[in-house]
Amino acid sequence: MQIFEYHPPIEPWLNIVHVDKDIIVIDKQSGLLSNPGRAAHTFDCALTRLQQAYPETLLVHRLDCATSGIMVFARSKKAESHLKTQFQDRQNKKVYIAEVVGHLAEPNGTILAPLMADKENPPYQKVSPLGKSAISHYQVLEQRSDSSLVELTLETGRTHQLRVHMLHLGHPILGDDFYGDEAIVNARPRLCLHATELSIIHPYSGKTLSFTSPHPF
């Protein structure tokens with residue numbers, strides 16, 4: 001089992017991108033949990049930090065602790081229900097940027113690889129024909145000397161989907177201390193995965209809103 005050491009970043013405490021009466025959008029930093037874990041030392045997270053200023057804040061979706069980028073939170077039960085339905089029905093758009101090992105054979109493509117929990121090694125996930133459908137799309141943005149910058153979009157939102165899919169493709173994400181070997185882990189100071197764009201339908205105005213955050217890679 002992976003031992004989780006948690007040292008949440010202090011600066012910036014929160015990077016709030018947008019606030020209105022229904023939603024809050026932040027640019028989450030790498031190393032900060034989206035919501036509290038079971039252990040007492042994991043109470044400090046994006047959700048509890050927001051609740052200090054906006055006590056009514058409700059979690060809508062999650063980003064892995066090591067993943068940075070755009071997240072949306074709700075400020076009422078109605079907004080929460082509306083947003084969660086969008087995520088479940090794939091009505092929103094989620095775009096990620098990752099730096100991965102090596103050069104991909106094709107400039108773009110789709111990864112169709114069902115995923116399931118690796119019960120012998122929680123919380124790891126694995127590709128399995130017995131797993132749930134998982135679909136990711138990739139587009140190479142830049143080839144570097146020994147790595148590639150890729151844009152990744154999700155049709156499904158399985159746990160660790162992009163990390164496992166890129167590993168399955170033979171191009172693990174640099175800095176991935178879950179699925180990478182020692183060389184991958186030491187190649188970068190953090191997981192090179194960033195949620196660069198999120199488009200949602202506003203729960204009450206009905207307008208499509210898009211929020212972006214430049215990737216740090």
Q) Of 9, 69, 88, which is farthest along the charge dipole of the chain in the positive direction, counting Lys and Arg as +1 and Asp and Glu as -1 at C-beta? A) 88
Q: Scan around residue 28 for amide H atoms under 5 Å from its own, H built in the peptide plane at 1.01 Å from N, and keep only partners 5 or more places away or cross-chain.
A: 69, 70, 71
**Q.** Tilt relative to the chain, helix 77-88 - C-alpha long axis, 0 to 90 degrees, to 10
**A.** 20
**Q.** Charge dipole (debye, nearest 20) of the stretch 93-217; +1 at Cβ of Lys and Arg, -1 at Cβ of Asp and Glu
**A.** 500
Q: Principal axes first, then extents: for the Cα atoms of the chain, list largest minus smallest coordinate on each axis, whole Å, largest first.
A: 46, 37, 36
Q | Dipole moment magnitude, nearest 20 debye, the chain about Cα centre, only Lys, Arg, Asp, Glu C-beta charged | A | 820
Q: Mind checking the full-extension length gain between residue 153 and residue 51? Use 0.36 nm per residue of separation minus the Cα-Cα distance, one decimal, nm.
A: 33.8 nm
Q) Gaussian network model of the chain, Cα springs within a sub-10 Å range: biggest mean-square fluctuation belongs to which of 172, 122, 107? A) 122
Q | All lysines inside 24 Å of residue 119 as judged from Cα atoms, apart from same-chain residues fewer than 8 positions distant | A | 132
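Coordinate-derived values only; no laboratory data. All values reported here derive from a predicted model rather than from experimental measurement. Reconstructed Cβ throughout: ideal geometry from the backbone, glycine too, with neighbour counts over all protein chains shown.
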